[in-house]
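Q: Encoded as structure tokens, here's the structure I'll be asking about.
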Amino acid sequence: MATEKLNIGIILGSTRDGRVSPQVGEWVKAIAEQRGDANYEIVDIAEFQLPFLGTTDGTEPGIAAWNEKLAGLDGFVFIVQEYNHSITGALKNAVDFAREAWFNKAAGIVSYGSTGGARAAEHLRGILGELLVADVRTHPTLSLFTDFENFTVFKPAELHQKNVNEMLDQVIAWSGALKTLRTS
Ligand SMILES: Cc1cc2nc3c(=O)[nH]c(=O)nc-3n(C[C@H](O)[C@H](O)[C@H](O)COP(=O)(O)O)c2cc1C
């Protein structure tokens, strides 16, 4: 019996003008698509124009669209950038705008910052636990000093490609396993 491919969203965590997250997300997507093992897509939270949670009546179409997008995904790769030793406010707000759509899915993290975005990534892991998202171990960490030129042009070192594939191996395995919980 042919099984359907998993749908994996590569979520861009930053929204500011001049952000580098689209470069990192497209690089991850290009590596992922060479594998042919899942449907991979960029999910840009900026496109949903989410308000700040609790400041509106919640009828903005982007809120429903965001939840529908997440509901259609089996797993995630978060592109995480470090802002004041944590994730961006935009990503936290977007995470908070959904609940059941996150449950029983898997996620990998690719982060960047002066120390590879490690502190932000660890904060995100704590958040994901509350939402029943199983975050995998392998975690490519990109340095603003050595993987970017002038902190803006993404030039990743070769070694990261292996880590991205290892992270995706884990995301695919766990996304497939957790799908059985959602369909049983
Ligand atoms: C508000 C703000 C706070 C930041 N704080 C940190 C930090 O604590 N640690 C760090 O490594 N980089 C920090 N940075 C640098 C960002 O990681 C860097 O600018 C990165 O490119 C941001 O991702 P983006 O371009 O996708 O927005 C900060 C940047 C901003 C805008």
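The values are calculated or read from the model by the stated rules, or taken from the named source; none is laboratory data. The structure displayed is predicted, hence computed values, not measured ones. Here Cβ is always computed from backbone atoms with ideal geometry, including for glycine, and neighbour counts include all displayed protein chains.
Q: Scanning for something near the ligand (Cβ under 10 Å from one of its atoms), touching a helix residue (DSSP H, G or I) at 6+ places or on another chain (Cβ under 9 Å) and assigned to a strand (DSSP E or B), does region 123-136 turn up at least one residue?
A: Within region 123-136, not a single residue is near the ligand (Cβ under 10 Å from one of its atoms), touching a helix residue (DSSP H, G or I) at 6+ places or on another chain (Cβ under 9 Å) and assigned to a strand (DSSP E or B).
Q: Please name all residue pairs, on different chains or six or more residues apart, with Cβ atoms under 9 Å, provided the first residue is in region 10-21 and is assigned to a strand (DSSP E or B) and the second residue is more than 6 Å from the ligand (Cβ to nearest atom) and of a type in the set (D, E, K, R).
A: Ile10/Glu26; Ile10/Lys29; Ile10/Glu41; Ile11/Asp44; Leu12/Asp44
Q: Please find, among Glu60, Glu33, Glu26, the residue that is free of Cβ contacts under 8 Å to residues at least 24 places away in the same chain, closer than 16 Å to Ile8 by Cα and more than 16 Å from the ligand (Cβ to nearest atom).
A: Step by step, each of Glu60, Glu33, Glu26 is checked, and only Glu33 is free of Cβ contacts under 8 Å to residues at least 24 places away in the same chain, closer than 16 Å to Ile8 by Cα and more than 16 Å from the ligand (Cβ to nearest atom).
Q: Contact list please: Cβ distance under 6 Å, first residue in region 98-115 and in contact (Cβ under 8 Å) with a residue 60 or more places away in the chain, second residue within 16 Å of the ligand (Cβ to nearest atom) and not in a strand (DSSP E or B), pairs at least six apart or on different chains.
A: Within 6 Å, the pairs are Val110/Val28; Val110/Pro140.
Q: Also, quick follow-up: Quick one: would you say Glu166 is without any contact (Cβ under 8 Å) to a residue 60 or more places away in the chain, more than 22 Å from Ser14 (Cα to Cα) and surrounded by 13 or more Cβ atoms within 10 Å (Cβ to Cβ)?
A: yes
Q: Considering every residue within region 136-150, establish whether at least one is crowded, with 20+ Cβ neighbours inside 10 Å, modelled with pLDDT of 95 or more and over 16 Å from Val24 (Cα atoms).
A: yes
Q: Sticking with this structure for a sec: Looking for something under 21 Å from Pro51 (Cα atoms), more than 16 Å from the ligand (Cβ to nearest atom) and either of a type in the set (A, V, I, L, M, F, W, C) or surrounded by 14 or more Cβ atoms within 10 Å (Cβ to Cβ) (or both) - is there at least one such residue anywhere in region 75-93?
A: no
Q: Loosely packed, with under 13 Cβ neighbours inside 10 Å and part of a helix (DSSP H, G or I): which single residue out of Glu68, Glu4 fits that description?
A: Glu68
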